[in-house]
Amino acid sequence: MAYSSPTATTEREFLAASPYPVVLLGPGGELLHSSRSARRLLDGPAPGGVPPWLLRAHQDLAADGARPGTVRHTHPVAGPVEAHPAPRPDGSTVWWLVAPEGCAGLLPRTAGHGACDWELLTRLSGLLLSSLNVDRILETVARQTALHLADAAVLVAPGTGRNLHLVTCLRGGDPAHLQTRADPAEVPGLAEALQGFPPVPSRWIDPDATPRWLVPAGFGRVGSVLVTPLPGHGVPAGALVLLRAAGGGPFAAEEEAFARLFAARAGAAVSAAVMYSEQAAVTDLLMRELLPPRLEHLDGVDYAGGYRASVDRDRIGGDFYDVHPAADPGGETLALLGDVSGKGLEAAVMTGKVRNTLHALLPLADDHGRVLNLLNRALLTSHHTRFASLVLASVRREDDRVRVRLSAAGHPAPMVLRADGRVTDSTTLGSIVGVLPEATTRTDTVLLDPGEACLLYSDGITEAKGGPTGREQFGEHRLRQALAQCAGLPAEAIVERIQMLTAQWLREGRHDDMAVMVIAAPPRGHLPVVGERRGHTT
């Protein structure tokens, strides 16, 4: 079909309304007309509104007099852009711009950059999903909003009453966190946006009435304001305020629509980060209650413990140990080490139940058999199907010696390290708890002279597989040899050596939970520090 040249007015209307990015440049490179979609792909401030890369291509065309091939340019936001020239007899040239995937012209004009809306939205969504840190996500939202959608952005996080948490950012600047006491109702639509209601059209907001607390420092006079909610997961995640400087023109309808699309993704990211932060705080609180305690000097006796979960990234598992100080001076301290069947979080929950039950039974700690039977009944009546093995140790300082009463319940018998390096086994034994109607145990009493120690351990130590073949167990004999080499060492050093040797034996192999605890009589000449009664020094 033949092309008929339109009049100048019709030509301007045609180019302005073109759904495709098209630019008409005069013989000298001056911008005569351009479609709205083309202006979205221009790089921003340039002489005559023509980006340098396009102006150079046009000048080369005029100088050579021959029609060049496709000119390619990488836009800072949209990515690769192709420009196809169509010279005209009067010396002007029509340049057709092609953006990736045919999406040029779909994005509303942004303050300073333009790009395909879906591509930009995808890039921004990727940035929002790069972290679960609440402050970092808030800063990312503010920074990207100021960079692509406005001259400045203010993110208003949900607050209590008039205490507002603001994250502000100027274009090209860094986000800043502010705490302010203000009334959101001073900004039309802000109070409603914080409650999750739809945004108020930008044209309804008088920019001159914008309160100073909402305007970032150094911004200047506000020319246009856009407020949009940040939808969250069930509850609003805050509100996003876009500010455009005076002279920048009002926000167009398509810009408001794009801002809402971005805000929806930003709200989801903020909400997910908040939920993760809250869950992490709860998990950390619960985990602190499940972590083994730090053991030190208590009532004239040295205690030390070490724990390694079956999964190295976990901090808790099925093994546990505790030390409960005597209620009265001169009384017995109750130390215990145990192993709950299974691994991971479920075993850790069961561990917490066992430890709490034993803590409640402390008034009966003089009678190990009764304590174990009450614990046995508690586990049998629980909905859990797990069982446990453990060793109870009632410890008392007698002059310069330490008396230890040991009662095992389905657990490996403790080892005793003598001052001369000999290692003997305790004779205690008993049945596991949580399986049989009654738990039985035989109590053994061990006397520790100065410098001697008693080792309690879980079977994760002896059953650790490794060595040259990777399949051989560490075994009791290696543990006994390792303990014999620890004669004269303090309790903490014994624990560290046992853990080091088992780790070397395992290398990178899989293993069960491993726990070890040492009860030691301090060597002669040891002077306890005042305040050590509860394991603290002053």
Quiz item: So, in Å, what gap is there between the alpha-carbon centers of region 350-376 and region 201-262?
Solution: 62 Å
Quiz item: Taking the simple approach of a point 7 Å from Cα along Cα-to-Cβ for both Gln481 and Thr180, what is their distance in nm?
Solution: 7.2 nm
Quiz item: What list of ³J(HN,Hα) values in whole Hz, one per residue of region 267-274 in order, does the Karplus curve 6.51 cos²θ - 1.76 cosθ + 1.60 (θ = phi - 60°) give from phi, with Gly and Pro shown as x?
Solution: x, 5, 5, 5, 4, 5, 5, 5
Practice problem: When a/c is below 1.5 the answer is rounded, else prolate if a/b is larger than b/c, else oblate, so apply that to region 330-485 with a ≥ b ≥ c taken from the square roots of the Cα gyration tensor eigenvalues. | Solution: oblate
Quiz item: Between Arg403 and Arg442, what is the label-to-label distance in nm when each label sits 7 Å out along the Cα-to-Cβ direction?
Solution: 2.2 nm
Quiz item: Are there trypsin sites (Lys or Arg not before Pro) in region 410-453 that DSSP marks as loop and that have at most 14 other Cβ atoms within 10 Å, and which are they?
Solution: Arg422
Quiz item: Which length gain, in nm to one decimal place, applies between Ser125 and Thr74 when the Cα-Cα distance is subtracted from 0.36 nm times their residue separation?
Solution: 16.2 nm
Quiz item: Packing-wise, with mean Cβ within 10 Å as the measure, how do 349-361, 168-180 rank, highest first?
Solution: 349-361, 168-180
Quiz item: How much FRET efficiency would the formula 1/(1 + (r/R0)^6) give for Gln195 and Glu346, where r is the Cβ-Cβ distance and R0 is 45 Å, rounded to 0.05?
Solution: 0.65
Quiz item: What is the gain in length, in nm to one decimal, between Thr427 and Glu82 on full extension, counting 0.36 nm per residue of separation less the C-alpha to C-alpha distance?
Solution: 115.6 nm
Exercise. Using 0.36 nm per residue of separation minus the Cα-Cα distance, give me the extension gain between His233 and Ala327 in nm, one decimal.
Key: 28.9 nm
Practice problem: Using a cut-off of under 17 Å, list every residue of region 362-380 whose amide N is near the label point 7 Å from the Cα of Asn356 along the Cα-to-beta-carbon line. | Solution: 362, 375-380
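Computed from the coordinates by the stated procedures, all read-outs in this text should not be read as laboratory data. Remember, it's a predicted structure, so these values are computed and weren't measured experimentally. We place every Cβ from the backbone using ideal geometry, glycine too, and count neighbours over all the protein chains shown.
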